[in-house]
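Structure record follows, encoded as structure tokens.
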Amino acid sequence: MALPTFKAAGTFTAGTAAITPPYPTGGGAPALNDIAILVVESENQVISLTTPNGFAELGAQANKAAGTAAVDPASRLAVYWKRCAGGDAAPVVAAPGNHATARIYLFSGCKTSDNPWNVYAEGNDGGANDLTGVIPGATTTVADCLIFLICTSSYNSTQTTEFGTTAFWTNADLANIVERGDNTNTAGLGGGHGSATGEKASAGAYVNTTVSLAHTSYKGAMSIALEPPSIVTEYGAATLSGAGTLAGIGTRVRRAACALSGIGTVTAAAYRVRTGLTTLSGVGSVAAIGGKVVSARATVTGTGTVVAAGRQISAALAMLQGTGLITISGVRLRSGLGVLSGAGAVTGVGLRQRIALIALAGLGTLASTGTRLRAALANLVGAGVASASSVRLRMALALTTGLGALTSLGTRLRDTLASLLGIGLLSAVGEVVEGGGIKCGSAMFSGVGKLSVSADQTPIPDGPAIFHIGQRRSLVSFA
């Protein structure tokens, strides 16, 4: 994640009346989502904005003040901020009494919503009137923060050397410290401020910063940790144990609670993983490569994958144990409960698998390569296959034990109870529409057997193990 960056500073402005510090111009002019920080100093007299133009005060200026008001060398610091829109109007600082000095600093690459800072700290150097400024430290909770450091001076001279150079700013916890401003002025009893930036790559505490002044003064001081944009998680709680990754390469992982143990990955490579609870143990992956994983709960144990390569996995509960795969490469897997144990796969490469309860134990596959596998309960034990490779397998209960297959290659297998023991096959290879196919029937298999229906058949009435060839009805049992 990249740190925020210092962009530019406007012209240092001073006066005994109201002042209007300008924004930087040219390539440093404010752009959308740039953060503007306005630094104002006075002879410890209350500072205010008559025309804020979007600026709001950060912290309390009373905490950053020392010395007797309007008596040299008193000093007070007020800091204001604004998120820019581009083409922004400058603020107007009211006359505090003796004088005011001010300058606008611009930063880019900060978080684009809510407050742009992660933390800040403010103080007055213990009310000391000396040559060393102490800027309080704080503790960041995210990595890659840019720390903006500010210290005032009441020195009555127009110059740019009161705070020396970059070497005069020291903090062992910050890298690449660079001085960004150093100005004083003779308006009224005189004064000004110095500023610098430092980098905090890892989350955690940074100690007080010290800066050397050329002349004794009371001081107001502040440090602001500007936060980078949040790419990965919005309103999310992520807990990772061992080697794990929670990543949002596309837009959002929102309000999601993710717990990863061992080697696991939760990834939103396209748009959104929203309001989802994902738990991975061992080696697992939950990925939304297409559009959305919405309101989904995925639990992966051992080696498993839950993938949405098309549009949506919506309100789905997927549990994988051992080596398993739940995949939808078409449009939707909605309101489905999928449980895989051992080596199994639940796959929807057509349009929909809806409101389906799937339980696989051992080696099994439940596949919908045509249009719909709807409201179906399929239990496979051992090596078995339940598949709908054409249009529909609807409201069917299929139980297979040993080596068995339940297949709908034609139009429909509806309202049917099928139980296969040993090696058996139940298939519909015709194209019979409403009232045809295998409807409202009961088929029981034991051992080696086959029940088939061809294209010219009439409906099978209710009853156990009844089928027909052409217009003839027969009662058949298998041993």
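The values are calculated or read from the model by the stated rules, or taken from the named source; none is laboratory data. Because the structure is predicted, anything quoted here is derived from the model rather than measured. No Cβ is skipped: glycine too gets one built from the backbone with ideal geometry, and neighbour counts run over all protein chains shown.
Tabulated values for the structure
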read-out: Where a residue in segment 104-123 is at positive phi and its partner, wherever it lies, is aliphatic (A, V, I, L, M) and assigned to a loop (DSSP other than H, G, I, E, B), with Cβ under 9 Å and at least six apart; value: G109/A2; G109/L3
read-out: Search result, residues across segment 126-148 that are in contact with a Gly (Cβ under 6 Å, 6 or more places away or on another chain) and under 20 Å from A62 (Cα atoms); value: P136
read-out: Only listed residue being of a type in the set (G, A, S), without any contact (Cβ under 8 Å) to a residue 40 or more places away in the chain, touching a Phe, Trp or Tyr at 6+ places or on another chain (Cβ under 7 Å) and assigned by TED's automatic domain parsing to the domain that holds A221, chosen from A56, A90; value: A56
read-out: Residue tally, condition surrounded by fewer than 16 Cβ atoms within 10 Å (Cβ to Cβ) and in a loop (DSSP other than H, G, I, E, B), over segment 7-31; value: 8
read-out: Residues being farther than 12 Å from V119 by Cα and either free of Cβ contacts under 8 Å to residues at least 40 places away in the same chain or of a type in the set (A, V, I, L, M) (or both) - total across segment 132-142; value: 2
read-out: Failed item in (1) within 33 Å of the chain's Cα centre (by Cα); (2) assigned to a helix (DSSP H, G or I), with A2 passing the rest; value: (2)
read-out: Residue check for G127: out of contact with any strand residue (DSSP E or B) (no Cβ under 9 Å at 6 or more places or on another chain), surrounded by fewer than 20 Cβ atoms within 10 Å (Cβ to Cβ), over 21 Å from T160 (Cα atoms) and not aliphatic (A, V, I, L, M); value: no
read-out: Wholly enclosed strands (runs of 3 or more DSSP E) of segment 69-139 bearing at least 3 residues closer than 15 Å to N44 by Cα; value: 75-83, 100-108
read-out: Every residue from segment 32-66 that is buried (at least 24 other Cβ atoms within 10 Å of the Cβ) and part of a helix (DSSP H, G or I); value: K64
read-out: Subset of segment 189-209 [out of contact with any Lys or Arg (no Cβ under 7 Å at 6 or more places or on another chain) and not aliphatic (A, V, I, L, M)]; value: G190, G191, G192, H193, G194, G198, E199, K200, S202, G204, N208, T209
read-out: Number of the condition not met by L146 [criteria: (1) more than 15 Å from Y120 (Cα to Cα); (2) buried (at least 21 other Cβ atoms within 10 Å of the Cβ)]; value: (1)
read-out: Out of A196, A187, sole residue that is surrounded by fewer than 23 Cβ atoms within 10 Å (Cβ to Cβ) and in contact with a strand residue (DSSP E or B) (Cβ under 7 Å, 6 or more places away or on another chain); value: A187
